[in-house]
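Since the structure comes first, as structure tokens, the remarks are kept for the end.
The values are calculated or read from the model by the stated rules, or taken from the named source; none is laboratory data. None of the values given here were measured: they were computed from a predicted structure. We place every Cβ from the backbone using ideal geometry, glycine too, and count neighbours over all the protein chains shown. We work out accessible area using only protein heavy atoms, side chains counted, and drop any ligands, DNA or RNA first. Shrake-Rupley method; radii C 1.70, N 1.55, O 1.52, S 1.80 Å.
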Amino acid sequence: MEYILTSKDFTEALRKGKFVGLKCKQCGVYTVPPQKVCSECSSEKMEIAELSRNGEVQTFTVIYIPAEGFKAPYIVGLIKLEEGPWVTANIININPEEATMELIGRKGRIDYKEVPADNFSGGDRIALTFTLIH
Ligand SMILES: [Zn+2]
């Protein structure tokens, strides 16, 4: 079994300006971030597909004790992409101190930021970000 799209490929694509995932050739469902098999039907028959970057906040939390390389407070959101999958992303263009439940349902765009290496990663890494559309 081979990886069609590795985490490294996913990161490198973002750095080149492309947000990609895997589209299942069997059921049509998108899997993001990349996995070995389709998140819906477990098929290995998937192809790389560029994503729209459009999404909607499903839920979120405000982090006050930061992970290594992050500055608190910050907002971690679960974002439903236009193509279907849910991803975790930092919601960046709102003050975390002013976040309310009204964030849920807000639309925005996925991008990324560089995050310094920590004790758990092999080198510099990225985090997905989500910019709300006003
Ligand atoms: Zn599938």
- Query: Restricting attention to region 30-44, which residues are within 9 Å of the ligand (Cβ to nearest atom) and among the charged types (D, E, K, R)?
  - Reply: E40
- Note on the structure: Of the conditions (1) in contact with a Gly (Cβ under 7 Å, 6 or more places away or on another chain); (2) part of a strand (DSSP E or B); (3) open to solvent by 40 Å² or more (accessible area, probe 1.4 Å); (4) not polar (S, T, N, Q), the single one that R109 does not satisfy is (1)
- Task: Please determine, by comparing only the residues of region 73-106 that are in a strand (DSSP E or B) and of a type in the set (A, V, I, L, M), which one is farthest from C27 (Cα to Cα).
- Result: I75
- Query: Tell me, which residue of region 1-29 that is assigned to a loop (DSSP other than H, G, I, E, B), open to solvent by 70 Å² or more (accessible area, probe 1.4 Å) and closer than 22 Å to F130 by Cβ is nearest to the ligand (Cβ to nearest atom)?
  - Reply: K18
- Which pairs do you get when a residue that is under 16 Å from K113 (Cα atoms) and touching a residue at least 40 places away in the same chain (Cβ under 8 Å), found in region 87-98, comes within reach of a residue that is open to solvent by less than 50 Å² (accessible area, probe 1.4 Å) and assigned to a helix (DSSP H, G or I), reach meaning Cβ atoms under 9 angstrom, with the pair 6+ apart or on two chains? I91/L103
- Go through region 117-134 and give me each residue that's in a loop (DSSP other than H, G, I, E, B) and either polar (S, T, N, Q) or touching a strand residue (DSSP E or B) at 6+ places or on another chain (Cβ under 9 Å) (or both). A117, D118, N119, S121, D124, I133
